[in-house]
Structure formats: structure tokens, C-alpha cells
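Engineer: Dropping a structure here in C-alpha cells format, bear with me for questions.
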Amino acid sequence: MTISTPTAPATVPTTDEDPFSAAVLADPLPFQHRLREAGEVVLLERYGVYAMGRYDTVRSALLDWQGFESSAGVGITDFRTEPPWRPPSLLLEADPPHHDAPRSVLAKILGPRALRELAPRWQADADRLVDEVLARGPEFDAVEALAEAFPLRVFPDAVGIPQEGREHLLPYGDHLFNSFGPENFLVRHGAPHIAEHSAWVIEQCARERIAPGGFGAAIWAAADRGDLTTEQAPLVVRSLLSAGVDTTVHAIGAILHAFATHPEAWAMLREDPGLARVAFDEAIRLEAPVQTFFRTTTRDLVVGDALIPRRRKILMFLGSANHDPRHWRDPQRFDLTRDPSGHVGFGMGIHQCVGQHVARLEAVSLVTALARRVRTIESTAEPERHLNNTLRAWETMPMRVTFA
């Protein structure tokens, strides 16, 4: 797939389907299949935006930040013409050079040294949580008991924010990711409460609210050194709290559901716990917690046979790219023998998720704790989806385990 400056007009296939409808959000795979088959680029008529669903197309566009900018917003709103409802993210919604300093600072703070220090602590926390859950019996809701409980237990501690008020984090993140889509029923549902949730999150980003020794304190220390400005520091802390909780919750939900529906994979993991990292990335490929992100063209571009004019929104379907049979063998199968490392579930290029290694450590710690104590995992009822304009999420996931 090539992206180039146009030399001649090109035609673009169209669809009147709504990818933000309740039906598609609940089960996106059929729509994503039709999108991929329609062409490299498809015009979504009801929104007037272009869509990409094939792996090679999405990956190439993600890598081309000069042609597909993030600084006009990664949602449907164009920040060049419409003001955002909150100050834009310095990582997700900025391009070089404004993106460079915050990214560099956070990459160091969340780097290998921090993970080495966190690993034994988080493994111990995961062991304690699993023991608590299993002590209540072999049946539980895996979303509430594990997928939500563990990130809300360890990640805010690592950032350095207090225990009180953490119930604001999930609804804040839920509305944030909903707001990347159109102003539909999901956005309207969260709108009456977002001011309260947002005010709490912003308050936690202030220097005086941050406990010493954590990610947040390290961000403020970077501001003291001059690596960031004092105006940038709270926005970088906010990025951790905005993108570092919900996405990890749904990533853990994805890996737990994958194991519950693929018992042979769970048996493989128990035999070889080193597969936990492969299992995490394969679950992200299979159920990409972040399904979509928008970009905006900076100039007229030809993608394949399609002409995309300048200053048009592009909706990139990360989840669809991760299911493209042009790139993946048997893409709907959770397969611990494949190499899933090329998936785009965390994006690609300069905007690839800077916190992905932290999320991976959380998931691996929890899965490892379960594998030591649980022989089998199975669903006891159909899991219920939590609809979100951007995220592939779960509301409930009833499970039964047998003890090892």
C-alpha cells in the first residue's frame, strides 16, 4: 500500500452504515469485514469521514504522522475549527515538535527501570487479589473482581494519587473515549456527570496532590529540571489517568475472556507461564481495547486508488486491521503459537502507546497469579458488553474456575 500526493482524481467506495450504532459497537466484526472488502479507503456517508480497515493501510497511515496528523484531534472533532471540551493531550493529540518533550519524559519514567522496580510489588499485589477472590468461591464476575479491581488497585498507587475518589477514574475515561466519536447516545449519557469526574481528575494532577516516589512525582521533577514546563506537567499526569486505566481494564478483560473461551490456550499457559506476554499481545490483537482513532489529512493524498482531500478526518479501525486475513492467519482464533507483535492495538509509530509495557506488566502479573492457583476457567453465562464509541469493553463476565 502506498500513500502519495495525487496526480489524478480517484474514486472512493461509500457506505451508509453507522460504525457508532449500538449494533455495530456490540459486534463490530461483520461491519469490519464489509469495510475491508469494500476497499482500502471507504467514505462513511453519514459522517463525511473516510475509513480505513485493512492492516497495511492502517499501519502505513499510523506511521505517516506528517500526512495524517493527530494535532487536529484523534476524535471526530477537528480542533482547527471546533474547540475541544478539554485541553488536548500533549501525547495523543499533538505532533512534533510539541509532542517530543512530553513523550520523551514519559517514555523514561515508564521505562525498563520503573518496570523492574514495579514487577515484584505488582506480582505480590496480584497474588493477594487472586487469593481474596478465590476465597469467596469458584464463581465470580471477572470484570468487577479482577479486570477492574487490579488496575484500580495498583496503577493509581504507581502514579501517586490518593485512594479517596478513585471511583471517578472509570467514568471519566469512559466519557473521554466516547467523546472521540459523534455526539450520540453514549456521549449524551455521560455528559451530565463529566464535569464532576473531570474536576476530580484535574485536581489529582496538581503537584501538591501527588505522593512522592511515583510516576506523577517524576513528571513534576522533570518540570523542575526544565524538561517540561509547569503548564505541561499536570497535563502529562492527566494523560496517565486518562489513558492508563480504562484501556488496561479492558485489556485484562480481553485476555481473561480469551482464556475462558480457549481452554487449550489456558492449559498451554499453565504448562509454560512464560507465554503470558505472548498471550497479552495476542489478546490485544484479538480484542483491541482501543478499536478506532481518527487522524486528519494535512494535504491531498492518494491511498491506493482513493483520493482523500486535505483537512479531512480519517477513521482508522485498529480492531479491523488486527483481524485482516490479508495479514493474519485465522485471525479470529486466540493462538499462542503465533507472533502477534505486529498488531496495531497500541497504535504504531511516534504515537504508539507509551504506557503499553506498564499495561502488559499489570496483565501478566494477574494472569500469572491465576495460573498458579486455577486449573480451568470457563464462562458460566454470556458476557455482557459495555458499549463505548472507541473502546472494546466488557460490563460483566461471569466465570467459574477449578482450583489447582
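Engineer: Can you say whether Thr247 is within 25 Å of Leu146 (Cβ to Cβ) and in contact with a helix residue (DSSP H, G or I) (Cβ under 9 Å, 6 or more places away or on another chain), as far as the supplied structure shows?
Structural biologist: For Thr247, the condition - within 25 Å of Leu146 (Cβ to Cβ) and in contact with a helix residue (DSSP H, G or I) (Cβ under 9 Å, 6 or more places away or on another chain) - is met.
Engineer: Related question: Go through Thr376, Thr380 for me and flag whichever is under 13 Å from Ala142 (Cα atoms), open to solvent by 10 Å² or more (accessible area, probe 1.4 Å) and over 25 Å from the mean Cα position of the chain (by Cα).
Structural biologist: None of the other options fit; the residue is Thr380.
Engineer: Something else: So Ala158 passes all but one of these: (1) surrounded by fewer than 21 Cβ atoms within 10 Å (Cβ to Cβ); (2) in contact (Cβ under 8 Å) with a residue 24 or more places away in the chain; (3) part of a helix (DSSP H, G or I). Which condition number does it fail?
Structural biologist: Checking Ala158 against (1) surrounded by fewer than 21 Cβ atoms within 10 Å (Cβ to Cβ); (2) in contact (Cβ under 8 Å) with a residue 24 or more places away in the chain; (3) part of a helix (DSSP H, G or I), the one that fails is (1).
Engineer: Can you name the residue in the range 35-87 that is among the charged types (D, E, K, R), in contact with a helix residue (DSSP H, G or I) (Cβ under 8 Å, 6 or more places away or on another chain) and not in a loop (DSSP other than H, G, I, E, B) and is also least open to solvent (accessible area, probe 1.4 Å) among such residues?
Structural biologist: The selected residue is Arg36.
Engineer: Still on this structure: Just give me the residues in the range 381-404 being β-branched (Val, Ile, Thr) and assigned to a loop (DSSP other than H, G, I, E, B), in sequence order.
Structural biologist: Scanning the range 381-404 gives a single hit, Thr390.
Engineer: Against the condition without any contact (Cβ under 8 Å) to a residue 40 or more places away in the chain and not hydrophobic (A, V, I, L, M, F, W, C), how does Asp174 come out, does it pass?
Structural biologist: Considered against the rule, which asks whether it is without any contact (Cβ under 8 Å) to a residue 40 or more places away in the chain and not hydrophobic (A, V, I, L, M, F, W, C), Asp174 comes out as no.
Engineer: If we keep just the residues of the range 318-358 that are open to solvent by 10 Å² or more (accessible area, probe 1.4 Å), of a type in the set (A, V, I, L, M, F, W, C) and touching a helix residue (DSSP H, G or I) at 6+ places or on another chain (Cβ under 6 Å), which is nearest to Pro28 (Cα to Cα)?
Structural biologist: Filtering first and then ranking leaves Phe346.
Engineer: Within the set of pairs 6 or more residues apart or between chains, which connect a residue that is more than 16 Å from Asp246 (Cβ to Cβ) and open to solvent by 10 Å² or more (accessible area, probe 1.4 Å) inside the range 136-151 to a residue that is in a helix (DSSP H, G or I) and not aliphatic (A, V, I, L, M) with Cβ atoms less than 9 Å apart?
Structural biologist: Ala145/Glu132
Engineer: If the Cβ limit is 6 Å and pairs must be 6+ apart or interchain, which residue in the range 39-60 that is over 18 Å from Gly75 (Cα atoms) pairs with which residue that is open to solvent by less than 10 Å² (accessible area, probe 1.4 Å) and among the polar types (S, T, N, Q)?
Structural biologist: Glu40/Thr57
Engineer: Name the single residue, out of those in the range 213-241 being among the small types (Gly, Ala, Ser) and surrounded by 23 or more Cβ atoms within 10 Å (Cβ to Cβ), that is farthest from Pro87 (Cα to Cα).
Structural biologist: Of the range 213-241, the ones among the small types (Gly, Ala, Ser) are 213-214, 216-218, 221-223, 226, 233, 239.
Those left that are additionally surrounded by 23 or more Cβ atoms within 10 Å (Cβ to Cβ): 216, 233.
Numbers: Gly216: 19, Ala233: 13 Å.
Of everything passing the filter in the range 213-241, Gly216 is farthest from Pro87 (Cα to Cα).
Engineer: Condition test on Leu315, is it within 30 Å of Val12 (Cβ to Cβ), open to solvent by less than 10 Å² (accessible area, probe 1.4 Å), of a type outside the set (Gly, Ala, Ser) and in contact with a Phe, Trp or Tyr (Cβ under 7 Å, 6 or more places away or on another chain)?
Structural biologist: Details: within 30 Å of Val12 (Cβ to Cβ): yes; open to solvent by less than 10 Å² (accessible area, probe 1.4 Å): yes; of a type outside the set (Gly, Ala, Ser): yes; in contact with a Phe, Trp or Tyr (Cβ under 7 Å, 6 or more places away or on another chain): yes.
Judged against the criteria, Leu315 is a match.
The values are calculated or read from the model by the stated rules, or taken from the named source; none is laboratory data. Keep in mind that what you see is a predicted model, and the values were worked out from it rather than measured. Here the Cβ is made from the backbone with ideal geometry for all residues, glycine too, and neighbour counts use every protein chain on show. These accessible areas exclude ligands, DNA and RNA; they are computed on the full protein's heavy atoms, side chains included. Shrake-Rupley method; radii C 1.70, N 1.55, O 1.52, S 1.80 Å.
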